[in-house]
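Here's the structure we're looking at; comments come further down.
The values are calculated or read from the model by the stated rules, or taken from the named source; none is laboratory data. Please read these numbers as outputs of a predicted model, since none were measured by experiment. Heads up, the Cβs are rebuilt from the backbone with ideal geometry, glycines too, and the neighbour counts pull from every protein chain shown.
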Amino acid sequence: MVSIDTYNACVDFPIFDAKSRSLKKAMLSSAGGVIGKNSDNTIVVEALKDINLHLREGDRVGLVGHNGAGKSTLLRLLSNIYEPTRGASRVRGRVAPVFDLGVGMDPEVSGYDNIIVRGLFLGQTIKQMKNKMDEIAEFSELGDYLAMPLRTYSTGMRVRLALGVVTSIEPEILLLDEGIGAVDAAFMAKARVRLQELVKRSGILVFASHSNDFLAQLCNTALWIDHGTIRSAGEVSQVVGEYEGPEAGKYVRDLRVRFANEDDSATQG
């Protein structure tokens, strides 16, 4: 049984050179976590504070909040990239971390080779990725460019290739940080369908996103992360409404109803 449990989990980043320059310059902006001191009197940024999560198979959780609020840090905590400074985090199940669509890709080798490289980064085998090669190539619509080095690709072409690989895997726990947007509207519509299919194959989804359309389609609950703490938790349209206002909440609620009706029609058809 896949599960995620965190108990008062905190993640601190020490600022060892804070004495040599102003905290304003050290932090660059006020958008991040809370500034404090640890037991050694070292200035730290409290990127996450007292995070309590208990997720089970079937949970689809969206993370909302401003840039620097701690959403990406939370995903890295759940993927064991960061260990909690205080508290505890226990994750059971095979994790597929998808934080940056470009991570794990080599600009000097071909698109075909990068399908394998990116797949290995996500925990797949060479054999698995070779079996998926044709399907990923068809989805990406990159044609002959797949034989060319990745450095010749535009940003949108890289996103197409990375999305093709990401949406071909079979994760137990999918940790997704939205890094999408540099592709045309028609391809994005196709990508949404693939992402929805990926979510259905995963046991647990935790998805950091600024897109209410994606949140409505992929998530049933949400967390509002604010300066490293959970400010609100609940049904996704409720949390979006608290974060962005009633109109945004209604938009997400209406979208969820529409998507549910479309799913029912597809099932009956």
*asked:* Any residue in segment 46-70 that is in the same structural domain as Val239 (by TED's automatic domain parsing) and under 20 Å from Glu178 (Cα atoms) sitting within a Cβ distance under 6 Å of a residue that is part of a strand (DSSP E or B) and of a type in the set (D, E, K, R)? List the pairs, counting only those 6 or more apart or interchain.
replied: Gly65/Asp226; Ala69/Asp226
*List the number of the failed condition for Asp226; all other conditions in (1) without any contact (Cβ under 8 Å) to a residue 40 or more places away in the chain; (2) of a type in the set (D, E, K, R); (3) within 23 Å of Ala9 (Cα to Cα) hold.*
(1)
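Output yes when any residue across segment 76-96 is more than 22 Å from Lys190 (Cα to Cα), in a helix (DSSP H, G or I) and among the aliphatic types (A, V, I, L, M), and no when none is.
If we filter segment 76-96 for residues that are more than 22 Å from Lys190 (Cα to Cα), which is where we start, we get 76-95.
So of that shortlist, the ones also in a helix (DSSP H, G or I) come out as 76-78.
So of that shortlist, the ones also among the aliphatic types (A, V, I, L, M) come out as 77-78.
Yes: segment 76-96 contains one or more residues that are more than 22 Å from Lys190 (Cα to Cα), in a helix (DSSP H, G or I) and among the aliphatic types (A, V, I, L, M).
Out of all the residues in segment 78-85, is one or more of a type in the set (S, T, N, Q), outside the structural domain of Met157 (by TED's automatic domain parsing) and farther than 16 Å from Gly228 by Cα? Before the answer, list the steps.
Residues of segment 78-85 of a type in the set (S, T, N, Q): 79-80, 85.
Next, only the ones that are outside the structural domain of Met157 (by TED's automatic domain parsing) stay: 79-80, 85.
Okay, now just the ones that are also farther than 16 Å from Gly228 by Cα, so 79-80.
Among the residues of segment 78-85, at least one is of a type in the set (S, T, N, Q), outside the structural domain of Met157 (by TED's automatic domain parsing) and farther than 16 Å from Gly228 by Cα, which makes the answer yes.
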*asked:* Restricting to segment 73-112, give me the number of residues that are within 23 Å of Ile169 (Cα to Cα) and acidic (Asp, Glu).
replied: 2
_Please return the ranges of strands (runs of 3 or more DSSP E) entirely within segment 156-233 where 1 or more residues are of a type in the set (Asp, Glu)._
173-177, 221-226
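Can you find a residue in segment 110-123 that is among the acidic types (Asp, Glu) and modelled with pLDDT under 95? It would help to see each step written out before you state the result.
Step one: of segment 110-123, the residues among the acidic types (Asp, Glu) are 113.
From what is left, the residues that are modelled with pLDDT under 95 are none.
No: segment 110-123 contains no residue that is among the acidic types (Asp, Glu) and modelled with pLDDT under 95.
If you take the residues in segment 105-123 that are assigned to a loop (DSSP other than H, G, I, E, B) and surrounded by 14 or more Cβ atoms within 10 Å (Cβ to Cβ), which one is farthest from the chain's Cα centre (by Cα)? Full working, then the answer.
Step one: filter segment 105-123 for residues assigned to a loop (DSSP other than H, G, I, E, B), giving 105-109, 122-123.
From the residues that got through so far, the ones that are surrounded by 14 or more Cβ atoms within 10 Å (Cβ to Cβ) too are 105, 109, 122-123.
Working: Met105: 18, Val109: 26, Leu122: 14, Gly123: 17 Å.
Taking the candidates together, the pick is Val109.
One line per residue, one yes/no per condition, for (1) at pLDDT 85 or above; (2) in the same structural domain as Gly249 (by TED's automatic domain parsing); (3) more than 12 Å from the chain's Cα centre (by Cα):
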{"site": "Ala186", "(1), (2), (3)": "no, yes, yes"}
{"site": "Lys190", "(1), (2), (3)": "no, yes, yes"}
{"site": "Arg201", "(1), (2), (3)": "yes, yes, yes"}
{"site": "Val206", "(1), (2), (3)": "yes, yes, no"}
{"site": "His210", "(1), (2), (3)": "yes, yes, no"}
{"site": "Ile225", "(1), (2), (3)": "yes, yes, yes"}
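Going through segment 124-154 one residue at a time, which ones are hydroxyl-bearing (Ser, Thr, Tyr) and surrounded by fewer than 13 Cβ atoms within 10 Å (Cβ to Cβ)? Spell out how you get there, then give the answer.
Kept after step one, since they are hydroxyl-bearing (Ser, Thr, Tyr), are these residues of segment 124-154: 125, 140, 145, 152-154.
Thr125, Thr152, Ser154, listed by residue number.
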*Assess whether Val165 counts as being β-branched (Val, Ile, Thr) and either touching a Lys or Arg at 6+ places or on another chain (Cβ under 8 Å) or modelled with pLDDT under 90 (or both).*
yes
